[in-house]
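K.L.:
Just passing along the structure, written as C-alpha cells.
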Amino acid sequence: MNLNTINNCPGDSRFFKKSAPIALEQIIGTSEAKFVPAYNGRDKSFDLMGIAPLQSATQNEVSFLDNKRYIDLLSQTKAGLIIVSPAFADKIPHHSHALVTKNPYLEWARIASLFYPKSSVQAGIHSSACIDSTAQIDDEVEIQEFVVIKANVKIGKGSIIGSHTVIEQGVEIGENCRIGSHVSLSCAILGNRITLYPGVRIGQDGFGFAISEHGFLSVPQIGKVILKDDVEIGSNSTIDRGSVRDTVIGEGSRIDNLVQIGHNVQMGKCCIVVAQAGISGSTRLEDFVTIAAQAGLIGHIHIGEHARIGAQCGVMSDIDAKSDVIGSPAMPFREFFRNVAFLRRLVKSSSKEKE
Amino acid sequence: MNLNTINNCPGDSRFFKKSAPIALEQIIGTSEAKFVPAYNGRDKSFDLMGIAPLQSATQNEVSFLDNKRYIDLLSQTKAGLIIVSPAFADKIPHHSHALVTKNPYLEWARIASLFYPKSSVQAGIHSSACIDSTAQIDDEVEIQEFVVIKANVKIGKGSIIGSHTVIEQGVEIGENCRIGSHVSLSCAILGNRITLYPGVRIGQDGFGFAISEHGFLSVPQIGKVILKDDVEIGSNSTIDRGSVRDTVIGEGSRIDNLVQIGHNVQMGKCCIVVAQAGISGSTRLEDFVTIAAQAGLIGHIHIGEHARIGAQCGVMSDIDAKSDVIGSPAMPFREFFRNVAFLRRLVKSSSKEKE
Amino acid sequence: MNLNTINNCPGDSRFFKKSAPIALEQIIGTSEAKFVPAYNGRDKSFDLMGIAPLQSATQNEVSFLDNKRYIDLLSQTKAGLIIVSPAFADKIPHHSHALVTKNPYLEWARIASLFYPKSSVQAGIHSSACIDSTAQIDDEVEIQEFVVIKANVKIGKGSIIGSHTVIEQGVEIGENCRIGSHVSLSCAILGNRITLYPGVRIGQDGFGFAISEHGFLSVPQIGKVILKDDVEIGSNSTIDRGSVRDTVIGEGSRIDNLVQIGHNVQMGKCCIVVAQAGISGSTRLEDFVTIAAQAGLIGHIHIGEHARIGAQCGVMSDIDAKSDVIGSPAMPFREFFRNVAFLRRLVKSSSKEKE
C-alpha cells in the first residue's frame, strides 16, 4: 500500500513546510562566503526553490559538498547553487553558481534554515492537558495533548511542550524551548532555547545508595539538574539530578540519543556527547569537550578543554586539555593505533616463524 | 503477598490466552519435519494442551531441544512431542513422539504460534484518544487510551495503536501493524506487519549541526524514516530521520532494545541488530547483516551482505560481504582470538623470565 | 531569566520538602556510630537544620567525608556534625562534632533520610485515569494523571503510580511501590517496595525468532517478569519477559538507567547493574554480583556470587564466584592491567630500537 507512494526527495510536503521561493541574490547578499558566478554566464537574478543533495538537485536548488568521499558527485550535479570549500572550488560544474567558504557545512545550515525555518508556536493550552492552578505559563506558550504540569511550574514565552510530557513540581523552563513528547522533567531549571527530544528523562534520582549487611539504603538525592541556554538533549537520554549539588549542562552543549549523564556531572559549554555514551557521577568536563559514541567515563574525573574522547573509549582517569584519546583504557590516538599495528605485525611474524 | 502466588510455568493465564487443545495429528499434518513415533508404541491420536520447556513438559505438551548445552534434559523429559535436530534424534526418550528437523527452533516457533496466536484487533477508537479530523483510519483499527493522532495520518486495516502513543502529522502506517504504548512517531512511512515495542522513538531530528565560532547551528533534517514490511523495533530504541535523504530499514529486519540508528542509515532486508548496538549516520548495510549487542559502527561506511559484526565490536571502515569481525577496531574473528591468546602467552612467558 | 535565580545549595525548596529541625542529640541517639564531641567544647544541645556538602555546610548542618580525594575540604568546613571513617578522625576541625564509623556513607544515607523522608502517598485516583472495572486497587494507593490500568491488575497498599504509566492486563504490584511516570508494565509480578523510574519498559517480548529461508518467524514469548521485593530499576531501562520461563530480578537488586536485561535472565539478590550495561538472554547471576557501566554479558552463562564485572567488560563465558574481571574478552583485573602495561613497554622499546 503506502510504500508505493514513497517519495525519496527531501522535504516531503507531508512532513515539512517549505518557505520558498527565495531569490538567489537574497541568499548571496546575506552570506559571508565568497560568491563565484557560474562559468557559463548564467544570470543570477532567479529564484531558488529549495535544497537537495548533489545527486537530485535541480538548477533551481541549492546543494553542498562537505565530505571529499562524495567528490565524484560534484561533476554530475545540476544544482543552481553549490556551497563548497576552497579546495573543491575548481571542480564546480560550469552551469552552477557557487558560494566558497572554509566552513561549507555552516553555510549549508544557514541557508537550509531559510527554506525550513523552525516550527512556530501555536499559542494555547490543549483542553486535555492537566495544569496545576499555581503554574505560571506565559500566554505565548503551546501546550499539547495530555501534558501534565504540576504545582509552581514556570514556562517562558515561545516555548512548546509536546504531547504527554510530564513536568513535575517547581520545574522552570525558559523562553523559546522545544520540549518533545513523552518527556519527564523533575527537579530541573532550564534556560532559553533548549530542545529536548521525545522520551528524555531529566531530574530523577541518581544511582546513589549505601551498602549495608542487610542490603542497600538509598541516599536522598537533593540536588537539581540545570540545563543552560541552547542545550539540546537527544531521544531517550537520561540525566540524573545531583546528590548534594547540581548536575549542570553548559551553554549550547549537544547530547545525542540514549546518553546517560550521572548525578553531579558538570559539563562546560559547547560540549558534544554522541549517542550511547555515558558519563559517571561527579565527573567534570570543561568547555568544548567532544565525547564520541559509546564512550564511557568513570566518576570523579576531570576532562580538560577541547579534549576529544574517541568512540567506545573507556576513560578511567583525568584527561588533559586538547588531548585526543581512544581505547579502553584511554590512550592517545597515535599510541592506540600504533599498538594495534604493532600487535598485528608481531602476531603475523610469530606465526611465520612457526611455519 | 503476591510473590507467594508466583507460578513459574510458562503461559500464565493471567497474561496469555492459549488456543488448546490441538490434536497431535493436526500438528504433524501441517509440519514439514520428519515425524518419528514414540518407541514405546504410544498412540498418536491424542490432544496436545500446550508447550513447555523440557524440564516441566507433560505427556500432553510439546517441547524442543535446540542448544546442546541442555542435552542432559532430554533423557529426563516427559514431553509428549519433542522437536529436535537429527543429531539428537537417537536421544529421544521412548515415551515421546518426535519431529526431527534441521531447524528445530523454526518448527518450535511455528507450533508455539498455534497455541499462542498473535493478539487480534479489538476494532474501535477509545474515547480518550485525540484524533485529528483529517486522519484516515481504517474501520478495523484499534486505538487505545490517550493516543494522539495528528493531521493527515493514515492507518491501515488490522493495526493496533497502544496507549499514549503519539503519531505526528502526515505519518502513514500500513496494515496489521502492532504499535506499542508510549511510542513517538514522526516523519515516517511504515509498511505492513510492523511491530514497534513501547518507548520507540522514530523520526526525530538527527544529530546534525554545524560548528561556528559562536556555538552550534542546527542543520534542518528534511528526510524521513521508512520502515519496510515486517520490521520490528525493540523497546526504547531510537531511529532518527534522514537529513537530506531517508533513513531506511529493510524488509523483515529486526532491531532489539535500546539501539540507536543515525540519520540516513540504509539497512537492507533481514538484518539483525542486537540490544544497545549503534549505527552512525549515512552508513549502509546490505541484506542479512547481523550486528551483535553493544557493537558500534562509525558513519559513512558500507557493510556487505551476510557480514556478522561481533558484540562490542568497533567498526571504523567498510566490511566485506560474509565477513565475521569482532574487536575494536574490528578485525576477523580468528585474528582477534589469536591476538588475545598470543598476548596472554607473551606476557606469561615474559613474567617467567623475570622470576 | 530564571537562570539568575539558581540556588546551588542542596535541598532547593522548590523541589524538596525538608523535615527540620532535628536535635543533634536525637541523631546521635539513633546512630550506631561513635560520637566524638567537638574539641572546642561546643555544646551538643542544639538543633540541626539540614545536610550539605563540606564546602557549604554551616554550623547547624551535617556533612560527611567518604572519598579521600576530597580530604582537603575537611579542614575548611564549618559543618556542625561530620560523619567520617576512623582514618580521617584526627582531621576533624575543632569546632565540629563527629560521628566516626567504618561506613560513613551508610550513616549519611540514614541521617539524610531523616531530613528528606520518602514522599508519602496522596491516596486517590486522578479523574483522568482509565481504570478497568476488574482491577483491584487498594484504597491507599495514589494513581496520577492519565494512568491506564487494564483488566485484573492488582495494586497493593501505599503504592504510587506516576502519570501516564500503562499497566497491562493481569499485572500485580505489591505494597509501597513507587512507579514513575511513562512506565510500561506487562506480564509482570512485582513484590513490595519496588521503585521503577520514568520510562522503564517491563515485560515486552524478548528478542526471540527463528530464521527461515523466507525471513524471521517470531517465537511466542510466554514467560513473565518477576521483580522481587526492594528492587529498583533506572530510567529507560528495559527488561524483557521470559520465553518459556520467567525473567527474575532478585531481592534488593539495583539496576541503573538504560540497562538491557534479556529474556529468561535470572538475577540473584542485591546485585548491582550500572548504567548502559546489558545482560543477554538466559544468563544467570548469583547473589551480590556487580556489573559496572557499559559491560555486556552474552547469553546462557553463569556468574558466581560476589563476582565483579568491570566497566565495558565483554563477558563471553562463565565467571567464578568472587572474581574481579575486566576487558573484552573478560580477564582478571590484574591480568588486564598487566597486559596493558606490558604492551605499552614493548611498543616503546621496539620504537627505540628502530631509531
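The values are calculated or read from the model by the stated rules, or taken from the named source; none is laboratory data. This one's a predicted model, so the numbers in the text were calculated from it and none came from an experiment. Every residue, glycine as well, gets a Cβ built from its backbone with ideal geometry; the counts of neighbours run over all protein chains shown. Just the protein is used for accessible areas: all its heavy atoms, side chains included, with ligands, DNA and RNA removed. Shrake-Rupley method; radii C 1.70, N 1.55, O 1.52, S 1.80 Å.
K.L.:
Kindly provide log₁₀ I(q)/I(0) values, in the same order as q = 0.09, 0.20, 0.21 Å⁻¹, from the Debye equation applied to equal alpha-carbon scatterers of the range B:43-183.
P.N.:
Listed by q, the Debye log ratios stand at -0.47, -0.98, -1.07.
K.L.:
Moving to a separate point now. If you consider only alpha-carbon coordinates, what radius of gyration and Dmax does the range C:270-317 have, in Å?
P.N.:
9.3, 23
K.L.:
Would you tally the net charge around C:Phe35, using a Cβ to Cβ cut-off of less than 10 Å, leaving C:Phe35 out, and scoring K and R as +1, D and E as -1?
P.N.:
That sum, taken over residues with Cβ under 10 Å, equals +1.
K.L.:
Related question: What are the nm distances, shortest first, from A:Asp132 to its equivalents in the other copies, labels at 7 Å along Cα→Cβ?
P.N.:
3.2, 3.2
K.L.:
Right, something else. Which lysines, on any chain, are close to B:Lys352 with Cα under 30 Å apart, when same-chain ones fewer than 8 places away are left out?
P.N.:
Result set, ordered by chain and number: A:Lys348, A:Lys352, A:Lys354, C:Lys322, C:Lys348, C:Lys352, C:Lys354.
K.L.:
Further, regarding this structure: Over the C-alpha atoms of the range C:2-115, what are the Rg and the largest Cα-to-Cα span, Dmax, in Å?
P.N.:
13.8, 44
K.L.:
Moving on. Considering lysine pairs in the range A:8-115 that are 8 or more places apart or on different chains, how many have Cα atoms under 22 Å apart?
P.N.:
14
K.L.:
Give me the Å³ per residue figure for the convex hull around the C-alpha atoms of the range B:256-340.
P.N.:
Convex hull of Cα atoms, per residue: 66 Å³.
K.L.:
Running Debye on the range B:186-334 with equal point scatterers at the Cα sites and no solvent, what base-10 log of I(q)/I(0) appears at q = 0.14, 0.15, 0.18 Å⁻¹?
P.N.:
-0.61, -0.69, -0.97
K.L.:
A further question on this structure: Working out 0.36 nm times the residue gap between C:His95 and C:Ser75, then minus their Cα-Cα distance, what length gain in nm do you get to one decimal?
P.N.:
Between C:His95 and C:Ser75, full extension yields 6.2 nm more.
K.L.:
Right, something else. If eta is 0.692 mPa s and T is 37 °C, what Stokes-Einstein diffusion coefficient results for the protein assembly as shown, Kirkwood Rh from Cα pairs, in µm²/s?
P.N.:
107 µm²/s
K.L.:
Sticking with this structure for a sec: Quick one: Cα centre-to-centre distance for the range C:280-340 and the range C:208-253, in angstrom?
P.N.:
Answer, in whole Å: 21.
K.L.:
Also, I was wondering about something else. Under 10 Å, Cα contacts only: if you run a Gaussian network model on chain A, which one of A:Lys157, A:Lys44, A:Lys322 comes out with the highest mean-square fluctuation?
P.N.:
Ranking A:Lys157, A:Lys44, A:Lys322 by mean-square fluctuation puts A:Lys44 first.
K.L.:
Using label points projected 7 Å from each Cα along Cα→Cβ, tell me how many nm separate A:Ala123 and A:Ala87, to one decimal.
P.N.:
In this crude label model, A:Ala123 to A:Ala87 measures out at 4.9 nm.
K.L.:
Compute the Rg/Rh shape ratio of chain A: radius of gyration over Kirkwood radius, all on alpha-carbon atoms.
P.N.:
With Rh from the inverse mean 1/r over Cα pairs, Rg/Rh is 1.06.
K.L.:
Would you please calculate the Kirkwood hydrodynamic radius of the range A:115-189 over all C-alpha pairs and express it in Å, rounded to one decimal?
P.N.:
12.0 Å
K.L.:
At A:His94, with labels set 7 Å past Cα in the Cβ direction, how many nm apart are the copies from this one, shortest first?
P.N.:
A:His94 label point versus its equivalents elsewhere: 9.2, 9.2 nm.
K.L.:
Measuring from a point 7 Å out along Cα→Cβ, what nm distances, shortest first, does A:Asp47 have to its partners in the other copies?
P.N.:
Going from nearest to farthest copy, the values are 7.3, 7.3 nm.
K.L.:
Just to be sure I follow the rule: in the range B:146-277, considering lysines 8 or more places apart or on different chains, how many pairs have Cα atoms under 20 Å apart?
P.N.:
For the range B:146-277, qualifying lysine pairs total 6.
K.L.:
What part of the accessible area of the protein assembly as shown, given as a whole %, is carbon or sulfur when the probe is 1.4 angstrom?
P.N.:
Its accessible area is 49 percent carbon and sulfur atoms.
K.L.:
If you take every DSSP beta bridge fully contained in the range B:166-226, what fraction is antiparallel? Give it as a percent rounded to 5.
P.N.:
Counting only bridges with both partners in the range B:166-226, antiparallel ones make up about 30 percent.
K.L.:
I need to check one value: relative contact order of chain C, counting alpha carbon pairs closer than 8 Å and at least 6 residues apart, in percent.
P.N.:
6 percent
K.L.:
Give the percent of DSSP beta bridges with both residues in the range A:186-334 that are antiparallel, rounded to the nearest 5.
P.N.:
Bridges in the range A:186-334 that DSSP calls antiparallel: roughly 15 percent.
K.L.:
Per residue of the range C:291-304, in order, report the coupling 6.51 cos²θ - 1.76 cosθ + 1.60 (Karplus, θ = phi - 60°) as ³J(HN,Hα) in whole Hz, putting x for Gly and Pro.
P.N.:
10, 7, 4, 6, 6, x, 10, 6, x, 6, 10, 10, 10, x
K.L.:
Which value, in Å² rounded to 10, gives the accessible area of A:Tyr39 with a 1.4 Å probe and all protein chains present?
P.N.:
140 Å²
K.L.:
Between B:Glu305 and A:Ala341, what FRET efficiency follows from the Cβ-Cβ distance if R0 is 25 Å, with the result rounded to 0.05?
P.N.:
0.30
K.L.:
Then there is this: With solvent modelled as a 1.4 Å probe, how much accessible area in total do chains B and A shield from it at their shared surface, in Å² to the nearest 100?
P.N.:
When B and A are taken together, about 5600 Å² of accessible area is lost.
K.L.:
Related question: Compute the accessible area per residue over the protein assembly as shown, keeping the other protein chains in place, probe 1.4 Å, unit Å².
P.N.:
Solvent-accessible surface per residue comes out at 40 Å².
K.L.:
Please give the calculated 222 nm ellipticity per residue for chain C, where each DSSP H segment of at least 4 residues contributes -39500 (n - 2.57) and the sum is spread over every residue; nearest 500 deg cm²/dmol?
P.N.:
-4000 deg cm²/dmol
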